[in-house]
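Since every read-out is calculated from the coordinates, none of them should be taken as a lab result. Keep in mind that what you see is a predicted model, and the values were worked out from it rather than measured. Heads up, the Cβs are rebuilt from the backbone with ideal geometry, glycines too, and the neighbour counts pull from every protein chain shown.
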Amino acid sequence: MARIVQKFGGTSVADLDRIRNVAGKVAAEAAAGHQVAVVVSAMAGETSRLVALCTEISSLFDAREYDAVVSAGEQVSSGLLAITLQAMGVQARSWLGWQIPVTTDDVHAKARILAIETATLRERLAGGEVAVVAGFQGVSSRGRITTLGRGGSDTSAVALAAALEADRCDIYTDVDGVYTSDPRIVARARKLGRITYEEMLEMASLGAKVLQTRSVELAMKERVRLQVLSSLAPEIGSDLPGTLVVDEDEIVEQEVVSGITASRDEAKLTLIGVEDQPGVAARIFGPLAEAAINVDMIVQNVSEDGKTTGITFTVTKADLARAQQILEGERESLRYRRLVTDKNVVKISVVGVGMRSHAGVAQRMFRALAEKSINIQVIATSEIKVSVLIAEDYTELALRALHTAYGLDG
Ligand code: ADP
Ligand code: ASP
Ligand code: MG
């Protein structure tokens with residue numbers, strides 16, 4: 001007998017038929033004698049609808065009230081699933097974040113989980129009751145409802161699995177695993193049977209939204225056995241043909257590149273005519289850091305005249321307006337000639353732990369993009385990834401060309 005956490009995303013609970021389908025999968029695990037805690041997302045589209053209502057009323061909404069509104073979607077889906085299970089004769093009840101409680105910090109709209117109280121849950125699970133937990137939400141020490149950032153139900157599920165010391169955390173979604181690239185864009189993408197935590201972490205943070213980045217971080221840290229599966233496939237059980245997220249030594253034959261991602265959440269800023277002197281970068285990035293704006297890729301051009309240079313960097317699209325405002329406000333002290341911004345960019349990345357032991361990975365990327373006449377604006381590398389910034393219009397073309405260039409086509 002095992003203790004299992006199952007998580008079902010928005011499309012998996014999109015309507016009552018889908019909820020019945022989910023209930024069937026939950027019931028099957030319970031009938032097999034397992035203890036089952038289920039984490040659900042809001043019904044597809046619901047969270048976006050609630051977010052839009054908040055922003056329509058006021059662009060300067062109170063984040064505490066935003067959380068009160070956008071957490072509502074999971075309240076509905078968890079209740080509906082509990083009702084469905086009960087109607088099937090399965091003992092079940094819904095749990096909201098504050099009822100468990102799932103305690104978080106008070107950084108509203110992107111809160112982090114601090115602790116999950118499990119004593120009562122464990123008792124109920126041991127008594128054969130299925131716990132249907134509303135994902136994406138928690139409660140701060142001040143007693144206010146918090147949410148974990150978009151896609152946060154994945155993190156709810158992994159955190160719950162860690163807190164309950166579950167044997168498995170099964171993430172059910174609308175694709176049957178993690179692919180070499182987003183299967184909705186790259187038709188030849190292949191499903192990966194296994195992927196390392198490290199690669200999954202990079203892929204998630206570089207745009208593969210199949211798992212929220214923090215959920216992978218947590219799974220890696222807490223050694224949660226994580227797998228990604230389709231909620232629409234008929235099979236049930238632990239030997240499902242999804243994707244297992246594992247340690248590096250559990251993968252026998254490692255490919256050089258495991259995945260290719262695109263992140264459209266980037267915006268580019270270029271400061272032209274910046275003095276080429278010690279301390280300039282610190283003066284530019286200091287105020288941005290103080291405003292909690294994360295700077296991602298950075299390049300500084302060589303100075304042609306020895307006096308001035310250009311600095312290009314990226315921030316998230318959401319931070320662009322604030323970054324621009326800050327830099328324009330500091331124009332006197334920064335002494336640059338012009339600030340140019342561009343939202344029409346995408347960050348394309350190739351990821352793979354095999355890169356550590358192979359040369360020429362970046363070169364192959366540059367050549368494949370050159371062959372399609374795609375201009376590279378910024379480059380960034382780390383031990384297991386190479387990222388380039390290109391014009392957003394070329395997203396699909398670049399993903400497909402790279403997928404072929406690295407021999408990943410299925
Ligand atoms: P859920 O609502 O179940 O949480 P999401 O929409 O958040 O589902 O995540 C699943 C989606 O992630 C898929 O429909 C797919 O388009 C997208 N995706 C992006 N990159 C990948 C990838 N490398 N492998 C699988 N899915 C991916
Ligand atoms: N419902 C939330 C969202 O759409 C959380 C999730 O689906 O993981 O972002
Ligand atoms: Mg998701």
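Laid out as a table, the results:
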quantity: Cα gyration tensor shape of segment 61-137, rounded if a/c is under 1.5, else prolate or oblate by comparing a/b with b/c; calculated: oblate
quantity: Cα shape, segment 284-410, gyration tensor, a/c 1.5 rule; calculated: prolate
quantity: Length-normalised contact order for the chain - Cα pairs under 8 Å, 6+ apart - percent; calculated: 14 percent
quantity: Segment 25-165: antiparallel DSSP beta bridges as a percent of all, rounded to 5; calculated: 40 percent
quantity: Values of log10 I(q)/I(0), in the order q = 0.25, 0.28, 0.32 Å⁻¹, for segment 18-57 under a Debye, Cα-only, solvent-free model; calculated: -0.83, -0.93, -1.04
quantity: Within the chain, percent of DSSP bridges classed antiparallel, to nearest 5; calculated: 60 percent
quantity: Relative contact order of segment 96-175, defined on C-alpha pairs under 8 angstrom at six or more residues apart (%); calculated: 31 percent
quantity: Where N is the number of residues in the chain, Cα Rg divided by 2.2 N^0.38 Å; calculated: 1.06
quantity: Dipole-positive endmost among 358, 325, 12 within the chain (Cβ charges, Cα centre); calculated: 325
quantity: Top of 337, 18, 64 by mean-square fluctuation, Gaussian network on the chain, Cα under 10 Å; calculated: 337
quantity: Unsatisfied cross-links (Cα-Cα over 18 Å) in the set 221/347; 110/317; 317/347; calculated: 221/347
quantity: Packing rank of 19-30, 111-122, where each peptide gets the mean count of other beta carbons within 10 Å, highest leading; calculated: 19-30, 111-122
quantity: Descending semi-axes in whole angstrom, ellipsoid equivalent of segment 177-329, from the Cα gyration tensor; calculated: 41, 16, 15
quantity: Highest-MSF residue in the chain out of 106, 296, 67 [GNM, Cα springs under 10 Å]; calculated: 296
quantity: Approximate shape of segment 214-284 as ellipsoid semi-axes (Cα gyration tensor, √5λ), whole Å, largest first; calculated: 43, 17, 14
quantity: Within the chain, helix-based [θ] at 222 nm, where runs of 4 or more DSSP H residues each add -39,500 (n - 2.57), nearest 500; calculated: -10000 deg cm²/dmol
